[in-house]
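Have a look at the structure below, then the notes.
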Amino acid sequence: MSIAPLDANAVAQYLIDHPQFFQEHAGLLGEVKLSSPLTGRAVSLQERQMEVMRDKFRALELRLSDLSRRAEENAGIANRFHAWTQALLVSKGGAAMARDLADGLRTHFIVPQVTLRLWNVAPDHAGEWFAQGVSDDARIFANSLRAPYCGPNNDFEAVRWLDDAESIRSTVMLPLGQPGQSFGLLVLGSPDPARFTTAMSTDFLVHIAATSTTALAPLRA
């Protein structure tokens, strides 16, 4: 008379329901042999469990290391943001604010090139550099942005506002104003194609756009 093979799921469920099994049959812990995916050799159930625990521990160590690195990076960015906002607070204001804002981003965030353009500015500022050369297409583009653009320079008109536009390989463009009602565009550029990417976090960029919007609002008509 043949004996029906045991169902693996039923065995697993039995061991879950009866955790005292290995206490009552402790000798099995050393007798049961499993194939180790690390060494390829047969190991005891106890050794295999230790390998599993070591794998989990290494994964946690890597995760903790990554979180620590990200925390340090965010702290560094926060310090730069703080220094930049302090520079804005001591600006003379008016047209000087636009220059101080752009220069501060270059200095504190080490961005190779920064510029900005505003439209519908007050008559006193209509002749300033930041109010020149903005097409209707550029305004429409700014109004279409609902979040910072980060990524490659696809020959954007706004990138051509930078001093050395030909060298720019990656860019950030931040609309200034309320969504769909922009009154300007802040442009950051780098010759490094990996400096600004579509995968980068935009939390601090959103804060930079909001602060810039507030700082430059007095220049509007």
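The values are calculated or read from the model by the stated rules, or taken from the named source; none is laboratory data. As the structure is a computational prediction, the values presented were derived from the model and not from experiment. When we count neighbours, we look across all protein chains shown, and the Cβ atoms used for this are built from the backbone with ideal geometry, even at glycine. Accessible surface is based on the protein model in full, side chains and every heavy atom, while ligands, DNA and RNA are left aside. Shrake-Rupley method; radii C 1.70, N 1.55, O 1.52, S 1.80 Å.
Worth a mention:
- Of the residues making up the range 182-210, those that are outside any helix (DSSP H, G or I) and either within 22 Å of A126 (Cα to Cα) or among the hydrophobic types (A, V, I, L, M, F, W, C) (or both) number 11.
- The set of residues from the range 140-163 being more than 13 Å from A98 (Cβ to Cβ) and buried (at least 18 other Cβ atoms within 10 Å of the Cβ) comprises F141, A142, P148, Y149, C150, N153, F156, A158, V159, L162.
- Top-ranked residue in the range 164-181 [being among the polar types (S, T, N, Q) and open to solvent by less than 10 Å² (accessible area, probe 1.4 Å); ranked as farthest from A122 (Cα to Cα)]: S170
- Residues of the range 63-89 that turn out to be open to solvent by 70 Å² or more (accessible area, probe 1.4 Å), under 20 Å from V114 (Cα atoms) and free of Cβ contacts under 8 Å to residues at least 24 places away in the same chain, as a count: 4
- Pair list, Cβ under 9 Å, 6 or more apart: the range 207-221 residue within 16 Å of A96 (Cβ to Cβ), other residue in a loop (DSSP other than H, G, I, E, B) and of a type in the set (D, E, K, R): L219/E128
- Among the residues of the range 115-170, those identified as in a helix (DSSP H, G or I) and not hydrophobic (A, V, I, L, M, F, W, C) are P123, D124, H125, D136, D137, R139, N143, S144, R160, E166, S167.
- Positions within the range 90-100 being part of a helix (DSSP H, G or I) and open to solvent by 70 Å² or more (accessible area, probe 1.4 Å), in sequence order: R99
- A Cβ distance below 8 Å, combined with a sequence gap of six or more or placement on separate chains, defines the contacts here; from the range 6-22, residues that are part of a helix (DSSP H, G or I) reach residues that are modelled with pLDDT of 75 or more in the pairs F21/Y14.
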